1. HN-Hα J couplings of the range 131-138 from phi, Karplus 6.51/-1.76/1.60, θ = phi - 60°, integer Hz, Gly and Pro as x?
2. Taking the Cβ-Cβ separation of S460 and K99 as r and a Förster radius of 56 Å, what is the calculated FRET efficiency to the nearest 0.05?
3. Under a 5 Å amide H to amide H cut-off, with H placed in plane at 1.01 Å, what residues pair with I258 once short-range neighbours are removed?
4. Under 18 Å Cα to Cα from K369, which aspartates and glutamates show up? Leave out anything in the same chain fewer than 8 places away.
5. Is any helix in the chain, taking whole DSSP H runs, at least 27 angstrom long along its axis by alpha carbon and on average at least -1.0 on the Kyte-Doolittle scale, and which ones?
6. What are the residues whose amide H is under 5 Å from the amide H of G338, where those residues sit 5 or more places off or on another chain and H is modelled from the backbone?
7. Pull up all non-local amide H partners of L98: gap of 5 or more, or a different chain, and H-to-H distance under 5 Å with H placed in the peptide plane.
8. For a Förster distance of 30 Å, can you work out the FRET efficiency between the beta-carbons of N306 and E22, rounded to the nearest 0.05?
Amino acid sequence: MALKNKKSNFSEWYTEALLSGEFIDYSKVSGAHIYRPNSFSVWEYIHTYLDKKFKRDGVKNSYFPLLIPEKLLNKESNHVEGFSPEVAWVTHAGKSKLKERLAIRPTSETVMYDCYSKWIRSWKDLPLRLNQWANVVRWEFKHSTPFLRSREFLWQEGHSVFETKFEADKEAIKISKMYKDVYENLLAIPVLEGYKSEKEKFAGAEYSISLETLMPDGKAIQACTSHHLGQIFAKAFNINFLDKNEKKSLPYQNSWGITTRSIGIMLGIHGDDKGFVIPPKVAQNKIVIVPILFKGKELPVLKKANEINKKFSKFGSILDDRSEYSPGYKFNHWEVRGIPIRIEIGPRDLENKSVTVVRRDKGIKESVKITKLEKRIPELLKIIQSDMYENASKNLKNSIVDVNSIKELNKVIDSGKIARAYWCGSINSENEIKKKTGAKSLNSIINANLKNKICFISGSEAKYHTYFGKSH
């Protein structure tokens, strides 16, 4: 199946590649998608990688109920106002109407903090740092796109409580760096780290740190977030403790999460007109072996292909020895699925005691002696991983343009790029930007040099160095 051109029709290309590559299927509920093994395996890599990091840092896993009583969800006004349009409700059990509506978890601050108010009594109970791997439902009415914007998705959500603001601030940055490592080291995706604006921060947070990147359709996308909640939720949920001086005090809190949106970002950025390209570090099958079979010469080729397959089983190698399909069909079959390396072996290769190795990311072919294959394949996987990150980084860097006026910003946005400008950060100016350009602030650079800088809109003192763009 020939896919749509990625550059000219990203949306259709993306959907076709997801379906033909067996990454998703549609369920009977709009916006709720089935994660097939080709995509769920990527989430398992992310899960395993982050789970180890969290545990090494002292975070413990837990699980809280999917259903949240309405009175709990309403406890923090800014928080519920931010989520209320997206909440799905359970109103009946069988034919009986419930006395109180139950929200299907859009996020777990409320249900978790109700428990925290019971569990935390003394400074000795702090810090409390819990994480859960779970699913959430947000009944968005925008156009659903698998992974990028869906009504049900998977994530991890961490919720921390600290004695001091210093500890909480330190963790908020630390977690953001962990997420940055996932994107850059595992998924080969460059990201822009920074603070969300007052308008765009998480509902109920004092500040939010996000990672942002640019999709091939010219729209930016939020990759994940780490929020400092201050004492806002502690006040709403009556979370307090006796400090070392036996004085009643309010703690400081954070919440942080990364979702299966990360899969869609990875697939969209690295893919090409043939389909997806999976970075080796998150490819459950890093190699596919395709024997080139000619009548009467099948057995020795298949024997050697099986030997090679056994040698690379630790890389999840696949031997495609189906006789009913042509080599070209098989190449296309595995290319859309993004397998990093293809090994071809035919009678002539056998005579030369070599194989043809093909890189999925660049399509480069090389002849490798069979005796040197065990050394060359791990080397090549590292090169592919590095090259994928470097290529994506180059594309992102070339898509960021500094601007000094609304007119310049509008021109950059219309070209499908990200604008960067010094900014005062006012909500009024952000509303003006949205109205005139269709863009919004993505995030602002942490520890930016703002000396003698002025806002590109108001001409007043700049408080931020900010990225702007249209966004998913």
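The values are calculated or read from the model by the stated rules, or taken from the named source; none is laboratory data. Quick caveat: nothing in here was measured; it's all calculated off a predicted structure. As a convention, Cβ positions derive from the backbone with ideal geometry for all residues, glycine included, and neighbour counts pool all protein chains shown. When the accessible area is computed, the model is the full protein with side chains, heavy atoms only, and any ligands, DNA or RNA have been set aside. Shrake-Rupley method; radii C 1.70, N 1.55, O 1.52, S 1.80 Å.
1. 9, 9, 9, 7, 10, 9, 10, 10
2. 0.60
3. HN-HN under 5 Å from I258: Q156.
4. Qualifying aspartates and glutamates at Cα under 18 Å: E307, E344, D349, E351, E379.
5. Within the chain the helices that satisfy the rule are 37-56, 373-397.
6. F276
7. Placed amide hydrogens put H92, A93 under 5 Å from L98.
8. Computed FRET efficiency for N306 and E22 comes out at 0.75.
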